[in-house]
Amino acid sequence: MEFVLYEVKDAVGIITISREKALNALNSQVLEELDAVLDAVDLESVRCLILTGAGQKSFVAGADIGEMSTLSKAEGEAFGKKGNDVFLKLESFPIPVIAAVNGFALGGGCEISMSCDIRICSENALFGQPEAGLGITPGFGGTQRLARLVGAGMAKQMIYTARNIDANEALRIGLVNAVYPQEELMAAAEKMAAGIAKQAPIAVRNCKKAINEGLQVSISEGVAIEEKLFGDCFATEDQRAGMGNFLKKKDDPTKVKVVAFQNK
Ligand code: DAK
């Protein structure tokens, strides 16, 4: 792959969009490579993903404006579909994905971060949906995901004014969970990912499914989704291991966890 790097550290997969000369902007090739890398993740051994951008300046500076500028209507639709398919794949990916936003997250960059489960960022990060200034609407889910994450009023303000916000404002409005100095960002992302990876994997996947699917329906339907996924956990070995470990520790507080989660 030319523009997407993938490495695995213990149970954490790290995907890096690496097209630094164009500030990691998303062209068709990046989108195709992202799609392929997601398909290649070994879900038996990898329990959490981190998505970041190469370099210290940009996470993703948006969809590639050069490529988009010459698209015909049909090509524009095909490009939009390619992006939306990848973003939906990320959003519904079975394991959690943390966006480590290390700089510009504009347009498609802000949108791809919002397809991830959790966003943390560096102090120099800048978020925004500049599309209205380019004569288009956000096309990779920006109008939908931003409003769900930060509320309709703040999303409308950001989108209508095309004004970027810095890391502290992103934290204040709940777009990111935490802000770190650039040099500490990846360590913080890896620590969070490792914390997720050590929990019972099927339970974590079911939590993601329950939250994502529950947000699309009424509260009573959401609770029904949760009920079913809760019940499913009782067919797993990991539920017996998790509760068994707790009970053993209660009997003898000196005992550490004795049964590791097997993803079964
Ligand atoms: N696309 C292509 N190249 C980009 C780029 C982008 N989005 N952003 C930056 N670059 C390139 C620059 O052209 C420059 O390349 P060279 O001239 O060196 O060859 C290089 O990266 C460095 O950029 P600058 O020289 O501009 O660097 P600065 O530090 O001065 O400025 C900046 C950084 C991020 C403020 C600036 O580059 C900038 O404003 N970039 C554009 C940001 C932006 O407007 N992003 C939103 C793009 S629109 C759709 C689905 C989705 C979308 C559309 C349709 N459908 C469903 C159909 C999404 C749209 C977008 O994301």
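Values in this text are rule-based calculations from the coordinates and carry no lab data. Everything numeric here is computed off the predicted structure, so don't read it as measured data. Neighbour counts run over all protein chains shown; Cβ positions are idealised from the backbone, glycine included.
Before moving on, here are some points about what is shown:
- Cα-based values for the stretch 179-264, radius of gyration first and Dmax second, are 16.5, 45 Å.
- Here r is the Cβ-Cβ distance between LYS9 and LEU71 and R0 is 25 Å; the resulting FRET efficiency, rounded to 0.05, is 0.10.
- Using the Cβ-Cβ distance between ASP232 and ASP42 with R0 set to 25 Å, the FRET efficiency works out to roughly 0.65.
- ALA194/GLN56 FRET efficiency (R0 41 Å; Cβ-Cβ; nearest 0.05): 0.95
- Beta bridges by DSSP in the chain, antiparallel share as percent, to the nearest 5: 25 percent
- Relative contact order computed over the stretch 86-245 (Cα-Cα under 8 Å; 6+ residues apart), in percent: 21 percent
- Cβ-to-Cβ counts within 10 Å put SER220, SER28 in ascending order as SER220, SER28, the fewest first.
- MRE, 222 nm, helices only [DSSP H, n ≥ 4, -39500 (n - 2.57), over the chain, to nearest 500]: -15500 deg cm²/dmol
- Selected from VAL101, VAL150, VAL176 as most flexible by GNM, with the chain as the system and alpha-carbon contacts under 10 Å: VAL150
- Under the simplified labelling scheme, the GLN216-ASN177 pair shows an inter-label distance of 2.3 nm, with each label point 7 Å from Cα along Cα→Cβ.
- Exceedance of the 30 Å cut-off in Cα-Cα distance is limited, within the set LYS198/LYS228; LYS89/LYS198; LYS57/LYS81; LYS191/LYS250; LYS82/LYS264; LYS81/LYS156, to LYS82/LYS264.
- Relative contact order for the stretch 1-62, counting Cα pairs under 8 Å that sit 6 or more residues apart, in percent: 45 percent
- Convex hull volume per residue in cubic angstrom - Cα atoms of the chain: 145 Å³
- Each of MET192, MET158, MET243 was scored by other Cβ atoms within 10 Å of its Cβ. Arranged with the fewest first, they read MET243, MET192, MET158.
- Neighbourhood net charge (12 Å Cβ-Cβ; Lys/Arg +1, Asp/Glu -1) for LEU5: -3
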